[in-house]
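Bear in mind that the values in this text are calculations on the coordinates, not laboratory data. Only a predicted model underlies this, so the values are computations on that prediction, with no experimental measurement involved. As a convention, Cβ positions derive from the backbone with ideal geometry for all residues, glycine included, and neighbour counts pool all protein chains shown.
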Amino acid sequence: MRLLILSRNGGLYSTRSLYLAARRRNHFVRVIDHMLCDIVIENDHHNVFYEGQAMDGYDAIIPRIGHTVTKQGAAVVLQFETIGLSTSLSSEALLRTRDKMTCLQILSSKGIPIPKTIQVNNFIDVQFMHRKIDFFPKILKLQSGTHGAGVLKVDDEKTLESLIETFGNLRQRAIIQEYVKESSGQDIRAFVVDGEVVASMLRTAQKGEFRSNLHRGGKGQSVMLSDRERQIAIDASRFLGLKVAGVDMLRSNRGPLVIEVNASPGLEGIETYTQVDVAKKIIQYVERANRQQ
Ligand SMILES: Nc1ncnc2c1ncn2[C@@H]1O[C@H](COP(=O)(O)OP(=O)(O)O)[C@@H](O)[C@H]1O
Ligand SMILES: [Mg+2]
C-alpha cells in the first residue's frame, strides 16, 4: 500500500512508531504535515496538494491530529475521504469526539456508563449545580482540554463560584462532574483497534495529584480488563465511529465509568508499559480496511 501519515512532526514517538511499523510491513509511507496541505475543490476535480505536489496515487491516510488544529485537520481528512482514500479516523468522528460533552452525550444516550456530568451554560445559577451534584469535591473541566490541563478538583462552594465566574468571563465552556473518589488517582486506558482491545494500562497519578495523565507525571502499568470493561471500551469506540481509540475509564463502586475517548491516542505510553506493538495492529487494520474498499 501507499500510505500517508498526517502528522505535524515526524519525530514524535507515535508518528515514528507508525512509520516504522508500516515500513516493516513493506508499505510505502510518507509523513505529511496536515497544516501545510492545500485543499483544492473544483466541480469535477478535488485534490490535496503538499509542497505544491498533488497527493495522487495513495491508498490510505493515518491522521494524527492534535487538539489545537482539529478543524483544519478534519478539513484535510475530509478532502482525502472525498478523493477516495481510506482513513483510520474519519473527519466526522474526529469532530464529534473532540468535545468532551458531545462525546459524553453520545455515550450516555447509548447506555455507556459515565460519571454524572453537568454542562455549565448558566454561569449565574451556581446553586443549581450544587443541587444537581450535592457533594464536594467536584471536578471542573474545560470542555476542550487535554493532557489533564483544565481539569480541576474543587473542594468548596466559594472556589467553585469564583472559578465558574472566571470561566464565564473568559467565555470558556466548562463541565462539572461528580468526583469519583474511589478511583483514587487511577484510570484505565483501553486501546481499541477495529473493535478489539489490543492493549490496556492502568495509570496512577503521582503523589498529591488526582489526574493520572502521563503528561502530569502519572505512571502506567499493563492491566487485565474485566469482560465488562473490555465490552464498554469496544462499544464506546463503535458508538463514536472510531476504529482507533483510547478509551479512558474510572473504576468506581458502581462499575467502570467512561470519562473520555481519545481519537488520536498516543502510542508511547501504551507501547512502553504494555510491550504491545500497537502501531503494527493499526497498520494491520489499515490493510484490512483497504482490502475491503
Ligand atoms: N470525575 C472524575 N473523578 C475522578 N478523577 C477524574 C475525574 N475526571 C477526570 N479525572 C482524572 O483526571 C484525569 C484527566 O481528566 P480527563 O477528563 O481525562 O481530561 P484530559 O482530556 O485533560 O485528559 C483523568 O485521567 C483522571 O485521572
Ligand atoms: Mg484524559
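Pull out a ≥ b ≥ c, the square roots of the eigenvalues of the alpha-carbon gyration tensor of the range 209-293, then state rounded if a/c is under 1.5, prolate if not and a/b is larger than b/c, and oblate in the remaining case. The shape class here is oblate. Stretching the chain fully between Gln53 and Asn122 yields a gain of 19.9 nm (0.36 nm per residue, less the alpha carbon separation).
Listed by Cβ neighbour count within 10 Å, with the fewest neighbours leading, His67, His27, His34 appear as His67, His27, His34.
Each label point was placed 7 Å from the Cα along the Cα-to-Cβ direction; for Arg23 and Met35 their separation is 2.5 nm. With neighbour counts taken as other beta-carbon atoms within 10 Å, the residues Thr97, Thr166 rank, fewest first, as Thr166, Thr97. Under the combined filter of DSSP loop state and at most 11 neighbouring Cβ atoms within 10 Å, the range 124-178 retains these chymotrypsin sites (Phe, Trp or Tyr not before Pro): Phe135. Between Arg291 and Arg238, how many nm apart are label points set 7 Å from Cα along the C-beta direction? Distance between label points: 2.1 nm. Here the range 173-234 and the range 6-63 have alpha carbon centers that stand 31 Å from each other. Relative contact order, whole percent, for the chain stands at 18, derived from Cα pairs under 8 Å and 6 or more residues apart. Taking a ≥ b ≥ c as the square roots of the eigenvalues of the Cα gyration tensor of the chain, is the shape rounded (a/c under 1.5), prolate (a/b larger than b/c) or oblate? Taking the square roots of the gyration eigenvalues as a ≥ b ≥ c, the chain is prolate.
Within the same chain, lysines fewer than 8 places from Lys243 are excluded, and of the rest, those with a Cα less than 16 Å from its Cα are Lys280, Lys281.
Angle of helix 70-82 to the longest C-alpha principal axis of the chain, folded into 0 to 90 degrees and rounded to 10: 40°. Going from the fewest other Cβ atoms within 10 Å to the most, the residues Ser222, Ser200 appear in the order Ser222, Ser200. Cross-link partners of Lys207 among lysines, defined as those whose alpha carbon lies under 19 angstrom from its own and excluding same-chain residues fewer than eight positions apart: Lys153, Lys181, Lys219. If you sort the three axes of the alpha carbon gyration tensor as a ≥ b ≥ c, you get a/c of 1.5 or more for the range 117-179 and a/b no higher than b/c, which makes it oblate. Relative to the dominant Cα principal axis of the chain, helix 13-24 is inclined by about 30°.
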